[in-house]
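Asks: Okay, handing you the structure first.
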């Protein structure tokens, strides 16, 4: 057969696509290996995944959804997926959590493909994927049956399908991809309500980018309206189920509640932003080499500003008794416990992973890296010549329209619904930040930082960033190992007490152990947030010594 002129081009494109796919698979396998190295095996609840595991267990046994008065998330397909593993392997906490491994692998692979489709270079996409997949928060969620990771998976899947919609050359193909995005997001969003922001925000953003294709725009619009109706009907069904906890919404707010809402977000908002900077620190560290190109005067001013801000913040926090909360990691949960005080849930015991002598340098490193980044950003924004360069790049148009409205909606929903923001709630924001930072770095910083191919740069990423990523990975593996080892020891101690003849209801085994005891004995958690059935909650007076 005669060879055409375009044959070598197509073969080269196929080879590149295979390389990109293999990179995503390698990242997913590396995440899996690190996760298993931490030995996340525990036949007891982990944090509050016992509630969702119970829902999966009951569904496997009865074929019915049964909530239990705890979380305000719908669980949805995640319960069905966990129930499948119960049917195949028999019930145990480990078997149900095993169902999250394919979800975590798919999430890592999808994120890599998303970076590639946003035209992030191969090396940068590899690095960015590892920053997400090896982060302490992602790996801890991959080891659990919590809904945070399925929520992220729902978002990434919708974003990827929207990218495929925009890349389709014909209207029928684009409509097919858009339909898959809508249907899959309506279904996958049932695990965690924030997942529905894909169909509620990303899909209309995609349609706006396709508004010049009138037929596709109107057909997609009709599908979107139908999907919004499906989301609200599904949410209504969930809210009618017994022992389901409703999320707070504005119509529940009185004047006092609104004041508390504003004060709470004024306190938690800055901490969430700082914690997000910590989560993307390996990417922020790529700006550190820019400090060498600064003039001595500018570097001195930057250093002085950082020192003054840090000392001022520490003095203020110290004099007001808030020093602990204004140092890294800022938000409660995974990063810190791997050691938030009391996260071990053992009565009378408190864990602290870092002392002040460790947390202060980490805080300074995060703030210093962020200051260099923002200084570079403001300098480029001040140069009007850069504006045409930014607007001329098609990927930036897609990035901004697809993920910025979504991020605004996500953070808005989080501030409205979450009484307390945990670091694991920032998984989606971490993914978005990685995309934005890597895209900006690749387009506008890389030519400056490595004009001659410096040896201290791997694939355009400075060695300091790879070092920070390595430290993050070590912390993730060690933290998961110690967390699960502690909980296994706690479970062994409780079982030893039971073998001595003490009934389970008389054992205070910690939050997860005691919650499962209450579910086994009473069928649900005695939670004052239960509205259906109306008389389910029973107020129990606490002993005076508690």
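Asks: Of the residues that make up the stretch 495-512, is at least one touching a helix residue (DSSP H, G or I) at 6+ places or on another chain (Cβ under 8 Å), closer than 19 Å to residue 27 by Cβ, modelled with pLDDT of 95 or more and assigned to a helix (DSSP H, G or I)?
Replies: no
Asks: With respect to residue 369, is the statement that it is surrounded by 12 or more Cβ atoms within 10 Å (Cβ to Cβ), more than 18 Å from residue 431 (Cα to Cα), in contact with a helix residue (DSSP H, G or I) (Cβ under 7 Å, 6 or more places away or on another chain) and at pLDDT 90 or above true?
Replies: On the way: surrounded by 12 or more Cβ atoms within 10 Å (Cβ to Cβ): yes; more than 18 Å from residue 431 (Cα to Cα): yes; in contact with a helix residue (DSSP H, G or I) (Cβ under 7 Å, 6 or more places away or on another chain): yes; at pLDDT 90 or above: yes.
Judged against the criteria, residue 369 is a match.
Asks: Considering the stretch 348-366 alone, what residues qualify as being touching a helix residue (DSSP H, G or I) at 6+ places or on another chain (Cβ under 8 Å), at pLDDT 70 or above and surrounded by fewer than 19 Cβ atoms within 10 Å (Cβ to Cβ)?
Replies: Correct list: 360, 362, 364, 365.
Asks: Moving on to the next point. Filtering the stretch 421-469 down to residues that are in contact with a strand residue (DSSP E or B) (Cβ under 8 Å, 6 or more places away or on another chain) and farther than 29 Å from residue 402 by Cβ, which residue is modelled with the lowest pLDDT?
Replies: Top of the filtered list is 456.
Asks: Can you report the number of residues in the stretch 69-84 which are more than 15 Å from residue 146 (Cα to Cα) and either under 24 Å from the mean Cα position of the chain (by Cα) or part of a loop (DSSP other than H, G, I, E, B) (or both)?
Replies: In the first step, residues of the stretch 69-84 are kept if they are more than 15 Å from residue 146 (Cα to Cα); the result is 69, 84.
Checking the rest, the ones that are also either under 24 Å from the mean Cα position of the chain (by Cα) or part of a loop (DSSP other than H, G, I, E, B) (or both) come to 69.
Final tally of qualifying residues: 1.
Asks: Quick one: count up the residues across the stretch 49-65 that are surrounded by 18 or more Cβ atoms within 10 Å (Cβ to Cβ) and not in a helix (DSSP H, G or I). Quick ask: steps written out before the conclusion?
Replies: Just the residues of the stretch 49-65 that are surrounded by 18 or more Cβ atoms within 10 Å (Cβ to Cβ), to begin with: 49-60, 65.
From the residues that got through so far, the ones that are not in a helix (DSSP H, G or I) too are 65.
Residues flagged as surrounded by 18 or more Cβ atoms within 10 Å (Cβ to Cβ) and not in a helix (DSSP H, G or I) within the stretch 49-65 amount to 1.
Asks: Let me ask something else about it. Please return the ranges of helices (runs of 4 or more DSSP H) entirely within the stretch 86-138 where 1 or more residues are free of Cβ contacts under 8 Å to residues at least 40 places away in the same chain, closer than 28 Å to residue 44 by Cβ and under 22 Å from the mean Cα position of the chain (by Cα). Steps first, answer last, please.
Replies: Values: elements: 93-98, 100-117, 122-133.
Here the list reads 93-98, 100-117.
Asks: Given the condition modelled with pLDDT under 90 and surrounded by 17 or more Cβ atoms within 10 Å (Cβ to Cβ), answer yes or no: does some residue in the stretch 383-398 qualify?
Replies: yes
The values are calculated or read from the model by the stated rules, or taken from the named source; none is laboratory data. Model, not experiment: these values are computed from the prediction. Counting neighbours? That spans all protein chains shown, and the Cβs are built from the backbone with ideal geometry, glycine included.
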